[in-house]
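Down below is the structure, laid out as structure tokens.
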Amino acid sequence: MDSTKKQRGDNRNPGISTEMESSSSSFIENALVGFYRTKYSDGRILMVNNALTKMFGFEDPEDMLAGENTIANHYVDDIRRNELLEILQRDGEVSNFESMMRRKDGSIFWVRFTARYFPEIGCIEGVVTDITGEKNALESLGQTSELFHALLNSIPDMIFIQDKAGRYTHINPAIEKLFNIPASEIIGKTNRDIHLHNNENRDSHDEDRVFNGEIIERDFTKTIDGRIHSFHMILYPINGADGSISGIFGIVHDITDTMQYLEEIKVKNIELLSAIEVKNKFISMVSHELRTPLVPIMGYSELLLDGTYGALPEAMREPLQTIYDRSEDLKKQIEDLLTISRIDQLAIRIIKKSVYVDQLVQDAVNSYRAIKSGKNIEFIIECEPCRIVADPERLNQVIHNLVGNAIKYSNDVVAITIRTGTRAGKGFIEVSDNGIGIAVEYLPYIFDRFYQVENLETRKHEGSGLGLSIVKEIIELMDGTIEVSSKPGVGTTFTIEFPLAEATT
Ligand code: ADP
């Protein structure tokens with residue numbers, strides 16, 4: 001539709017000559033910016049183009065010209081309109097005049113006017129651009145930069161930028177603490193100016209190295225208010241638009257408290273280590289002292305039980321046997337304590353060699369058969385030949401421990417199955433029993449030191465809760481692993497795996 005036809009009254013377009021009128025009106029009608037003509041006196045709209053009608057939220061120019069619509073209706077603030085009119089009255093024209101306007105639907109937007117006043121016909125003609133996007137962008141830019149400054153001002157780290165000549169161009173207030181002079185006196189100065197080139201603070205070569213492209217990171221100390229502060233500094237080169245290094249970006253973090261904390265931990269650690277040493281010495285001394293009187297107690301009760309000192313009255317057999325058995329339990333617990341303290345002092349000797357594990361199991365079982373336990377024990381041995389790398393003496397101790405537990409935590413008729421063989425490139429030993437088993441919730445803890453399953457069944461038995469922790473630690477010292485599976489009332493299986501000796505036959 002031809003917008004030039006949508007003119008109110010008899011006002012011809014005074015800004016456009018008659019000859020050019022028809023081509024100009026098509027240009028105005030289709031222009032991307034808004035064109036308008038209004039009456040100076042009352043703001044009546046006389047002519048608008050398509051872009052302007054869209055901008056103000058009207059269907060088409062006719063819609064905007066309909067009724068008594070005036071441009072005054074669209075100003076959010078009348079004062080602003082009066083300012084515009086005053087300028088036009090005074091200067092005859094106005095350019096880049098910004099104002100908030102209201103669309104047909106009441107929504108607000110920003111425009112920029114460039115207009116001219118034609119007093120001879122009492123009209124204003126002008127161009128209007130929607131600058132809402134520009135305004136929003138500027139606002140968010142302002143917010144971002146405000147946020148950035150707020151951040152810089154509030155973070156305790158010291159942040160600065162130096163130019164090519166080493167002059168400070170940007171700093172945050174935290175840096176005053178380091179330089180001990182007001183921030184305003186730092187800007188524009190170099191380190192040399194501020195007399196900072198001393199050994200305590202910055203290395204004079206730091207800046208040269210950063211300008212050679214290096215990132216410098218180092219710690220330094222400085223006395224502030226009589227207290228020595230430790231700082232961690234990082235200097236980054238800033239790459240200019242032409243690819244050359246145009247400055248330095250630096251961050252300095254005060255690590256005084258962290259260093260002090262580390263120092264305290266170090267002291268605590270030393271105290272802890274010496275306490276552990278005292279504990280180990282104590283355990284080792286007490287264990288030796290306890291073991292000494294046990295030797296004659298066990299020796300004499302064994303000789304008495306054997307009848308070496310004459311026939312034993314039947315009534316004395318049971319009490320004597322109890323003395324012997326309990327002494328043996330005590331000896332085992334003392335030995336466990338000694339082993340643990342040796343492990344802690346890294347004093348346990350592990351001599352790894354190639355071991356025929358099937359033979360070793362056989363020997364261990366035979367030695368166990370000789371021990372009187374008062375239970376009916378059946379050993380089922382299913383050993384495939386297998387050669388692993390381990391310390392045979394320690395491995396024997398491990399098997400003894402597992403078999404001992406299998407007997408201890410079983411009823412009177414005990415079936416212990418021991419299997420050996422190779423599996424997935426490892427040698428394995430499995431010790432299974434048909435004993436009381438272990439409930440699944442206790443399984444994760446049974447290898448912990450001093451851990452004992454708390455139930456009526458297990459409380460019947462003597463123990464220190466150290467056996468399985470020793471077993472695991474010894475196995476791991478030999479590069480092996482141990483796992484357990486169990487079902488209460490059915491039995492328990494411990495599976496140990498070791499690296500194979502090279503040629504297993
Ligand atoms: P303890 O000196 O109590 O025997 P261990 O470290 O050898 O200590 O074992 C830890 C706990 O694991 C035991 O108290 C027991 O409850 C449980 N346990 C160990 N072996 C078995 C097993 N073969 N059958 C059932 N429970 C077992």
| field | Residue list for region 336-350, restricted to those being among the hydrophobic types (A, V, I, L, M, F, W, C) and either farther than 12 Å from Leu477 by Cβ or without any contact (Cβ under 8 Å) to a residue 40 or more places away in the chain (or both) | value | Leu337, Leu338, Ile340, Leu346, Ala347
| note | All-but-one check, Ile436 against (1) near the ligand (Cβ under 8 Å from one of its atoms); (2) farther than 15 Å from Asp336 by Cβ; (3) at pLDDT 95 or above; (4) of a type outside the set (Gly, Ala, Ser), failing number (3)
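Looking at Phe148, Phe109, which is the one that is within 37 Å of the chain's Cα centre (by Cα) and of a type in the set (A, V, I, L, M, F, W, C)?
Details: Phe109 fails: within 37 Å of the chain's Cα centre (by Cα).
After ruling out the rest, the residue left standing is Phe148.
Restricting attention to region 277-308, which residues are among the charged types (D, E, K, R) and within 56 Å of the chain's Cα centre (by Cα)?
Selection gives Glu277, Lys279, Lys281, Glu289, Arg291.
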| Residue in region 215-223 that is part of a helix (DSSP H, G or I) and on the phi < 0 side of the Ramachandran plot present | no
| task | Considering only region 328-353, state which residues are closer than 27 Å to Glu497 by Cβ, surrounded by 15 or more Cβ atoms within 10 Å (Cβ to Cβ) and touching an Asp or Glu at 6+ places or on another chain (Cβ under 9 Å). | result | Lys332, Thr339, Ile340, Ile343, Ile348, Lys352
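For region 27-108, give me every one of the helices (runs of 4 or more DSSP H) that falls completely inside it and has 2 or more residues that are more than 23 Å from Lys135 (Cβ to Cβ) and free of Cβ contacts under 8 Å to residues at least 60 places away in the same chain.
It comes to 61-65, 78-91.
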| field | Hits in region 67-84 - residues which are among the hydrophobic types (A, V, I, L, M, F, W, C) and over 19 Å from Phe56 (Cβ atoms) | value | Ile79
| Selection from region 492-505 of residues that are modelled with pLDDT under 95 and either near the ligand (Cβ under 9 Å from one of its atoms) or in a loop (DSSP other than H, G, I, E, B) (or both) | Ala501, Glu502, Ala503, Thr504, Thr505
| task | Mind listing whichever residues of region 403-418 are within 9 Å of the ligand (Cβ to nearest atom) and charged (D, E, K, R)? | result | Lys408
| Within the set of pairs 6 or more residues apart or between chains, which connect a residue that is at positive phi and more than 10 Å from the ligand (Cβ to nearest atom) inside region 463-491 to a residue that is in a strand (DSSP E or B) and not polar (S, T, N, Q) with Cβ atoms less than 6 Å apart? | Asp479/Pro499
| field | Single residue of Ile446, Ile429 found to be surrounded by 19 or more Cβ atoms within 10 Å (Cβ to Cβ), more than 8 Å from the ligand (Cβ to nearest atom), under 45 Å from the mean Cα position of the chain (by Cα) and under 30 Å from Lys353 (Cβ atoms) | value | Ile429
| query | Out of (1) surrounded by 13 or more Cβ atoms within 10 Å (Cβ to Cβ); (2) over 34 Å from the mean Cα position of the chain (by Cα), what's the single condition that is false for His205? | reply | (1)
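Going by the conditions given, is Asn396 within 12 Å of the ligand (Cβ to nearest atom), within 16 Å of Val471 (Cβ to Cβ) and either at pLDDT 95 or above or crowded, with 17+ Cβ neighbours inside 10 Å (or both)?
no
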| note | How many residues of region 399-426 are surrounded by fewer than 17 Cβ atoms within 10 Å (Cβ to Cβ) and farther than 23 Å from Asp329 by Cβ? The answer is 5
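Within region 222-243, work out how many residues are exposed (fewer than 11 other Cβ atoms within 10 Å of the Cβ) and closer than 26 Å to Lys164 by Cβ. Reasoning before the result, please.
To start, the set of residues in region 222-243 that are exposed (fewer than 11 other Cβ atoms within 10 Å of the Cβ) comprises 223, 225-227, 241-243.
Going one step further and asking which of them are closer than 26 Å to Lys164 by Cβ, we end up with 241-243.
Adding up the residues that qualify gives 3.
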| remark: Within region 173-195, residues being under 15 Å from Asp163 (Cα atoms) and assigned to a helix (DSSP H, G or I) number 0
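Being touching a Phe, Trp or Tyr at 6+ places or on another chain (Cβ under 7 Å) and either under 30 Å from Val355 (Cα atoms) or within 12 Å of the ligand (Cβ to nearest atom) (or both): is that true of Val453 here? Even if it seems obvious, please write down each step before you answer.
On the way: touching a Phe, Trp or Tyr at 6+ places or on another chain (Cβ under 7 Å): yes; either under 30 Å from Val355 (Cα atoms) or within 12 Å of the ligand (Cβ to nearest atom) (or both): yes.
When the stated conditions are applied, Val453 passes them.
The values are calculated or read from the model by the stated rules, or taken from the named source; none is laboratory data. Because the structure is a prediction, the values reported are computed rather than measured. Here Cβ is always computed from backbone atoms with ideal geometry, including for glycine, and neighbour counts include all displayed protein chains.
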